[in-house]
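S.K.: Structure incoming, see below.
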Amino acid sequence: MSYVVSLKQFDGPLDLLLTLISRAKISITDIFLSEITEQYLSSIEDLSELDMDSASEFLQMAATLLEIKSRALLPIPPRDDEGEESPEEALIRQLQEYKAFKELSQEMQVLEKEAKLLLTKLPEEYPLPPPTFELSGMTLEGLTKAFARVLMRIEAREGEVHEPREVRRDSYTMHNCMSRIQTRVRKSDVMFSELFEGAPGKDEVISVFLALLELLKLGRVKITQKHVYDDIRVRKSA
């Protein structure tokens, strides 16, 4: 049976040999007992469509096939080195390796086509897990009670009779209070009651308390309390 072959369709002589073997439905190890050599020589009769480098590869394979076929007609001399490959063994090994790589590349092409059908999202689009903060030996209720006790002390002081004095009104922002707390804990641990100096007003207490909650949420500070109603220790996160 004759085949119409265009050499440009093949990636080298090994690819052409594998195609001829597949069409003949024989094993790679049986190529030297078949008409594959004649079919290969017939396929490369017209090398004008190839460049010199590609044509030389096909011609070199043709020479190898002819050498192997001529060796089959002669008595086989004893080998000097048992570990040395014969031309037949070398060609069969190359064909088997090329076939394995070709099959693997075809499987990867299938995976590539399937991957193009998938919809993916960039990592930054996934929501991050909520931040965690440590409340060792206490609860949020304990922190709220500590805040309430500070307010009670302020209200008690405001009920006392004081001599007239000049009071300068301070404005407190969340950012300033957060910076003040972080500056204090950066040096050493500080008690919650020590975050207020002098006679703080309600606006300062509320601002500092909210700033502390924000720092806890961001994981920049940690708080601990040994016993119920004890003062709360604020320290820098590790």
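The values are calculated or read from the model by the stated rules, or taken from the named source; none is laboratory data. In this text, all values refer to a predicted model and were calculated from it rather than measured experimentally. Here the Cβ positions follow ideal geometry from the backbone for every residue, glycine too, while neighbour counts run over all protein chains shown. Accessible surface is based on the protein model in full, side chains and every heavy atom, while ligands, DNA and RNA are left aside. Shrake-Rupley method; radii C 1.70, N 1.55, O 1.52, S 1.80 Å.
S.K.: Can you spot the lysines whose alpha carbon is less than 17 Å from Lys217's alpha carbon? Ignore those fewer than 8 places along the same chain.
M.R.: Those lysines meeting the cut-off are Lys236.
S.K.: Moving on. Just grab the label-to-label distance for Val110 and Asp203, each label 7 Å out from Cα along the Cβ direction, in nm (one decimal).
M.R.: Placing both labels 7 Å beyond Cα along the Cβ direction yields 7.4 nm.
S.K.: Between Ser22 and Glu67, what's the calculated FRET efficiency when r is the beta-carbon distance and R0 is 22 Å? Round to 0.05.
M.R.: E between Ser22 and Glu67, to the nearest 0.05, is 0.40.
S.K.: Based on the Cβ-Cβ distance of Glu57 and Leu218, what FRET efficiency does E = 1/(1 + (r/R0)^6) give at R0 = 45 Å, to the nearest 0.05?
M.R.: After rounding, the FRET efficiency stands at 0.10.
S.K.: Once ligands and nucleic acids are excluded and a 1.4 Å probe is used, how much of Thr173 is accessible, expressed in Å² to the nearest 10?
M.R.: We get 60 Å² for Thr173.
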